[in-house]
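The values are calculated or read from the model by the stated rules, or taken from the named source; none is laboratory data. Here the structure is a predicted model, which means the values were calculated and not measured. Counting neighbours? That spans all protein chains shown, and the Cβs are built from the backbone with ideal geometry, glycine included.
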Amino acid sequence: MQNRVLLVEDDDELRELLARYLSGQGFTVREAANGRDGLALALGQHCDIVVLDIMLPDINGLEVLRELRSETHLPVVLLTARGDETDRIVGFEVGADDYIPKPCNPRELVARLQAILRRVAWDQKAEVKAERHYGDLRLEPDHRRIYQHNEPLELTATEYEILQVLLAHAGSVVRKTDLMQWALGRRLEAFDRTLDMHISNLRKKLGNDDPPRIETVRGLGYSYRVPV
């Protein structure tokens with residue numbers, strides 16, 4: 001079965017270029033030229049993953065993302081202006097799974113999409129696994145959910161992957177290079193702050209403990225500290 005991607009981009013030439021390339025790589029592509037149409041298609045469950053431009057003619061892509069996150073955990077990759085770090089930071093805070101700067105390399109976009117889809121698809125084939133407890137957190141691998149004090153944490157697909165890796169190695173340091181590969185499915189590149197932004201979001205969602213339960217080990221990576 002082909003993966004379905006929704007491409008929300010108002011630049012007709014770029015959208016058609018990416019749609020042709022994605023189709024040639026085995027994706028079923030749906031297109032939207034504005035945010036409202038894209039939001040309707042995404043909420044109508046017409047796709048498995050969304051490629052979303054931030055600058056749209058009707059409603060900002062970040063507003064589309066906020067609406068999506070209030071209703072679904074559908075993976076979202078943002079298209080951002082090259083060098084605009086503010087949009088990327090806000091995008092991760094709202095709940096984006098990844099981003100790629102414009103003008104984008106279609107081959108890189110495909111690699112990013114495939115990496116995310118591999119991570120979220122495994123639970124459809126895996127056997128049911130026993131839940132695990134880490135202090136006030138409960139991990140249910142079969143449902144891909146994590147609960148805190150019996151309340152579900154509203155995590156993106158990428159945040160879930162990062163946190164479950166850290167929990168599996170609780171008390172030990174997970175190197176940034178390993179965490180990037182295991183959770184995001186790609187290599188850590190110089191000046192790439194994607195992982196740092198996701199960690200920052202996770203800390204906020206976990207309650208901003210002092211000291212933080214996700215500790216930064218300078219020069220190495222991160223460690224999850226199970227609160228007593």
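General observations
- Looking across Thr86, Thr80, one residue alone is surrounded by fewer than 18 Cβ atoms within 10 Å (Cβ to Cβ) and either within 24 Å of Glu154 (Cβ to Cβ) or of a type outside the set (S, T, N, Q) (or both). It is Thr86.
- Restricted to segment 79-110, and to residues there that are among the β-branched types (Val, Ile, Thr) and in contact with a helix residue (DSSP H, G or I) (Cβ under 8 Å, 6 or more places away or on another chain), the residue that is nearest to Ala33 (Cα to Cα) is Thr80.
The rows are residues; the columns are (1) out of contact with any Leu (no Cβ under 6 Å at 6 or more places or on another chain); (2) under 23 Å from Glu16 (Cβ atoms); (3) outside the structural domain of Glu13 (by TED's automatic domain parsing).
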position: Gly35; (1), (2), (3): no, yes, no
position: Gly38; (1), (2), (3): yes, yes, no
position: Leu41; (1), (2), (3): no, yes, no
position: Gly44; (1), (2), (3): yes, yes, no
position: Cys47; (1), (2), (3): no, yes, no
position: Leu52; (1), (2), (3): no, yes, no
position: Asp58; (1), (2), (3): yes, yes, no
position: Leu62; (1), (2), (3): yes, no, no
position: Arg66; (1), (2), (3): yes, no, no
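- The set of residues in segment 1-44 that are assigned to a loop (DSSP other than H, G, I, E, B) and either in contact with a strand residue (DSSP E or B) (Cβ under 8 Å, 6 or more places away or on another chain) or touching a residue at least 24 places away in the same chain (Cβ under 8 Å) (or both) comprises Gln2, Asn3, Glu9, Asp10, Asp11, Gln25, Gly26, Phe27, Ala33, Asn34.
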